[in-house]
Amino acid sequence: MKSLKKDAEALLSKAVPFMEKALEINPDDIGALETLKTLYYRLKMEDKHNEIQERLDKLKG
């Protein structure tokens, strides 16, 4: 079970730079923000997760 969790975390970690790049291109893309927020949550990156949540809150008004 731990091996599967490590494999999943490795795959999620690989996705982060692509989603961050997508936001560089289009910073207000709600779908990309939601996806990145989920990645940060799953990877236990609380500060970054909270930062994205704040951006989403501002965008959604």
**Request:** Could you tell me which residue of the stretch 14-25 is nearest to the chain's Cα centre (by Cα), considering only residues that are hydrophobic (A, V, I, L, M, F, W, C) and under 16 Å from Arg55 (Cα atoms)?
**Result:** Met19
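What about Leu23, is it touching a residue at least 12 places away in the same chain (Cβ under 8 Å) and assigned to a helix (DSSP H, G or I)?
Numbers: touching a residue at least 12 places away in the same chain (Cβ under 8 Å): yes; assigned to a helix (DSSP H, G or I): yes.
Yes: the conditions hold for Leu23.
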**Asked** Of the residues that sit in the stretch 26-46 and are over 11 Å from the mean Cα position of the chain (by Cα) and assigned to a loop (DSSP other than H, G, I, E, B), which one is surrounded by the most Cβ atoms within 10 Å (Cβ to Cβ)?
**Response** Asp29
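Values quoted throughout were computed directly from the atomic coordinates according to the rules given, and no laboratory measurement underlies them. Just so it is clear, the model here is predicted, and its values are computed rather than measured. Positions of Cβ are generated from backbone atoms using ideal geometry, with glycine treated the same way; all protein chains shown enter the neighbour counts.
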